[in-house]
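A.B. asks: Following this message is one structure expressed as structure tokens.
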Amino acid sequence: MANFKHSMIYIDASRCSNTTKRTGVENYSFYLINELVRRNGENITLLTPRKIDLKVRQRVIPFRRLWTIVRLSWEILRDRKIDNLFVPSHVLPLIHPKRTVITIHDVVYKYSPKSYSLPSRLYLNWATKFAVKHGAKIITPSEATKQDLIHFYKAESKKIHVVPLGCEKPNRLPDPAKIRELLDCYSLTAKKYFLYLGRIEYKKNTDTLITAFQKFAEEDKEIKLVLAGFAGHGGEKILKRIPPELKNRILHIGYVGESEKNVLLRNALCFIFPSRFEGFGIPLLEAMHAGTPIIASDIPSSREVACEGALYFNKDSNNGLSDLMKMAAIEANCLGQIVEKGSEIVKRYTWENCAKKVWQIIST
């Protein structure tokens, strides 16, 4: 395993988006880089295709496509001073310094190949294999992802470092008038809806969620299901399976911003995280911060992150999920213990803690 100490750390900031519609790796890059710059900005240079609103050294290298693989590779070849690189996403430049650390978030495509096109699947498999072979150190957000890399790619355990992600508690509670306005906009009543946040697609298990809610709705005629997120690969087919009689109770509202998400989380009866496979699961932390009970699929990463702060069902059992929905609707008070445990668990997960551990890895 590489062992080094260096004064200047170069960071691939191509996924550090300043937009409000960040998801997944973009959120990770944005919050982690912001925290790294705040703590160690004098020792950081960002390599980026566009100017980023941060007071730190930046080398802006415009390029339209394949920026990390092609353009960043050329920059590293051209400038040998770039000898300590951190890549927060899972794609390693073809040309890279020996002292390169990369974060690999998950290998979901291995478990759910039909959620990806063949070209995407081949590319992700190649990129991960290349990163595992050539990265001096590898960061994963969970022990589950670390074990996946060992299993599928024969990665060296000693060079993989597990660093959980962060999630900050919202600074301000939503204004009561804004809460009423948003809930009225979607014809929702507080504590009378289940909430799902994420892409609508097979790997997120939204098909099982919809089927489970259909079973639940046979007995309950009031509570709704809110699906907040873009339609991903195959998402439109999943949404078309919503029966006509439930169109006014299963609401697909699309992507929501941070303030809307906070309102929806705080007023939901339960947050449902039904994913078939995950590398981590930040929405679990967001629900814990909001004090909202969680129903999650029983997968390794969710157990690792939420521990006793959630109720779990077999990811392939729509009956199991439907039964937990019924329990939540009938015995809402029994969920208080889950919320209490979640409020303690989520204190471990901050971007400050994440940045401290990442910095120790990339600077030594």
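A.B. asks: Tell me yes or no: at least one residue of segment 149-160 is in contact (Cβ under 8 Å) with a residue 24 or more places away in the chain, aliphatic (A, V, I, L, M) and assigned to a helix (DSSP H, G or I). Talk me through it step by step, then tell me what you get.
C.D. replies: Restricting attention to segment 149-160, the residues satisfying the condition of being in contact (Cβ under 8 Å) with a residue 24 or more places away in the chain are 149, 152-153, 156, 158-159.
Imposing the further condition that a residue be aliphatic (A, V, I, L, M) reduces the set to 149.
This time we only want the ones that are assigned to a helix (DSSP H, G or I), so: 149.
There is at least one residue in segment 149-160 that is in contact (Cβ under 8 Å) with a residue 24 or more places away in the chain, aliphatic (A, V, I, L, M) and assigned to a helix (DSSP H, G or I).
Yes or no, residue by residue, for (1) of a type in the set (A, V, I, L, M, F, W, C); (2) free of Cβ contacts under 8 Å to residues at least 12 places away in the same chain:
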position	(1), (2)
GLU201	no, no
GLU218	no, yes
ALA228	yes, no
ALA231	yes, no
ILE253	yes, no
ASN262	no, no
PHE280	yes, no
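A.B. asks: Taking segment 104-120 as the search range and keeping residues that are in a helix (DSSP H, G or I) and hydrophobic (A, V, I, L, M, F, W, C), which one is surrounded by the fewest Cβ atoms within 10 Å (Cβ to Cβ)? I'd like the intermediate steps shown before the answer.
C.D. replies: First, the residues of segment 104-120 that are in a helix (DSSP H, G or I): 108-111, 113-115, 118-120.
Still in the running and hydrophobic (A, V, I, L, M, F, W, C): 108, 118.
On the way: VAL108: 20, LEU118: 8.
Checked segment 104-120; the qualifying residue surrounded by the fewest Cβ atoms within 10 Å (Cβ to Cβ) is LEU118.
A.B. asks: Considering (1) at pLDDT below 95; (2) in contact with a helix residue (DSSP H, G or I) (Cβ under 7 Å, 6 or more places away or on another chain); (3) part of a helix (DSSP H, G or I), say which one GLU181 fails and leave the rest.
C.D. replies: (2)
A.B. asks: On to the next question. Among ALA144, ALA131, which is in a helix (DSSP H, G or I), outside the structural domain of ALA217 (by TED's automatic domain parsing) and touching a Pro at 6+ places or on another chain (Cβ under 8 Å)?
C.D. replies: Numbers: ALA131 fails: touching a Pro at 6+ places or on another chain (Cβ under 8 Å).
So the residue among ALA144, ALA131 that is in a helix (DSSP H, G or I), outside the structural domain of ALA217 (by TED's automatic domain parsing) and touching a Pro at 6+ places or on another chain (Cβ under 8 Å) is ALA144.
A.B. asks: Further question: Regarding segment 79-102, can at least one residue be identified that is part of a helix (DSSP H, G or I), among the charged types (D, E, K, R) and not assigned by TED's automatic domain parsing to the domain that holds TYR202? Lay out the reasoning, then the answer.
C.D. replies: To start, the set of residues in segment 79-102 that are part of a helix (DSSP H, G or I) comprises none.
Looking through segment 79-102, none of the residues is part of a helix (DSSP H, G or I), among the charged types (D, E, K, R) and not assigned by TED's automatic domain parsing to the domain that holds TYR202.
A.B. asks: Enumerate the pairs (first residue in segment 323-350 and free of Cβ contacts under 8 Å to residues at least 60 places away in the same chain and surrounded by 15 or more Cβ atoms within 10 Å (Cβ to Cβ); second residue anywhere and aromatic (Phe, Trp, Tyr) and not in a helix (DSSP H, G or I)) with beta-carbon separation below 6 Å, excluding pairs fewer than 6 apart on the same chain, so at least 6 apart or on different chains.
C.D. replies: LEU324/PHE313
A.B. asks: Applying the selection to segment 348-364, what residues are in a helix (DSSP H, G or I) and farther than 13 Å from CYS307 by Cα? Give the steps one after another, and end with the answer.
C.D. replies: If we filter segment 348-364 for residues that are in a helix (DSSP H, G or I), which is where we start, we get 348, 351-362.
TRP351, GLU352, ASN353, CYS354, ALA355, LYS356, LYS357, VAL358, TRP359, GLN360, ILE361, ILE362 - these are the residues of segment 348-364 that are in a helix (DSSP H, G or I) and farther than 13 Å from CYS307 by Cα.
A.B. asks: Determine which single condition TYR196 fails, assuming it passes every other condition in (1) in a helix (DSSP H, G or I); (2) closer than 29 Å to SER301 by Cα; (3) of a type outside the set (Asp, Glu); (4) touching a Pro at 6+ places or on another chain (Cβ under 9 Å).
C.D. replies: Among (1) in a helix (DSSP H, G or I); (2) closer than 29 Å to SER301 by Cα; (3) of a type outside the set (Asp, Glu); (4) touching a Pro at 6+ places or on another chain (Cβ under 9 Å), the lone unmet condition for TYR196 is (1).
A.B. asks: How many of the residues in segment 295-308 are buried (at least 24 other Cβ atoms within 10 Å of the Cβ) and closer than 29 Å to LEU173 by Cβ? Can you show your working first?
C.D. replies: If we filter segment 295-308 for residues that are buried (at least 24 other Cβ atoms within 10 Å of the Cβ), which is where we start, we get 295-297, 302, 305-306.
Still in the running and closer than 29 Å to LEU173 by Cβ: 295-296, 302, 305-306.
Residues that pass the stated criteria total 5.
A.B. asks: Same structure, new question: Identify, by number, the condition in (1) of a type in the set (A, V, I, L, M); (2) surrounded by 15 or more Cβ atoms within 10 Å (Cβ to Cβ); (3) closer than 30 Å to LEU32 by Cβ that ALA217 doesn't meet.
C.D. replies: In the conditions (1) of a type in the set (A, V, I, L, M); (2) surrounded by 15 or more Cβ atoms within 10 Å (Cβ to Cβ); (3) closer than 30 Å to LEU32 by Cβ, ALA217 misses (3) alone.
A.B. asks: Could you grab me the full set of residues in segment 267-316 that are farther than 21 Å from LEU225 by Cβ and among the basic types (Lys, Arg)?
C.D. replies: ARG303
A.B. asks: Let me ask another. Looking for something more than 16 Å from the chain's Cα centre (by Cα), crowded, with 20+ Cβ neighbours inside 10 Å and more than 29 Å from PHE271 (Cα to Cα) - is there at least one such residue anywhere in segment 160-180?
C.D. replies: yes
A.B. asks: If LEU149 meets every condition in (1) in the same structural domain as VAL263 (by TED's automatic domain parsing); (2) buried (at least 20 other Cβ atoms within 10 Å of the Cβ) apart from one, which number is that one?
C.D. replies: (1)
A.B. asks: Which ones in segment 315-327 are out of contact with any Phe, Trp or Tyr (no Cβ under 8 Å at 6 or more places or on another chain) and within 14 Å of ILE272 (Cβ to Cβ)? Steps first, answer last, please.
C.D. replies: Kept after step one, since they are out of contact with any Phe, Trp or Tyr (no Cβ under 8 Å at 6 or more places or on another chain), are these residues of segment 315-327: 315-319, 327.
Within segment 315-327, LYS315, SER317, ASN318, MET327 meet the criteria.
A.B. asks: State whether one or more residues within segment 271-281 are more than 15 Å from the chain's Cα centre (by Cα) and either farther than 15 Å from ILE210 by Cβ or among the hydroxyl-bearing types (Ser, Thr, Tyr) (or both).
C.D. replies: yes
A.B. asks: Quick check on PHE230: is it more than 20 Å from TYR116 (Cα to Cα) and either within 20 Å of the chain's Cα centre (by Cα) or modelled with pLDDT of 95 or more (or both)? Before you say what the answer is, go through the steps one by one.
C.D. replies: Values: more than 20 Å from TYR116 (Cα to Cα): no; either within 20 Å of the chain's Cα centre (by Cα) or modelled with pLDDT of 95 or more (or both): yes.
No; evaluated as a whole, the condition is false for this residue.
A.B. asks: I've got another one for you. If I go through segment 302-361 residue by residue, how many of them are over 23 Å from the mean Cα position of the chain (by Cα) and β-branched (Val, Ile, Thr)?
C.D. replies: Summing the residues that are over 23 Å from the mean Cα position of the chain (by Cα) and β-branched (Val, Ile, Thr) in segment 302-361 gives 1.
The values are calculated or read from the model by the stated rules, or taken from the named source; none is laboratory data. The structure presented is a predicted model; accordingly, all values stated were derived computationally and were not measured. All Cβ positions, even for glycine, are placed from backbone atoms using ideal geometry, and neighbour counts span all protein chains on display.
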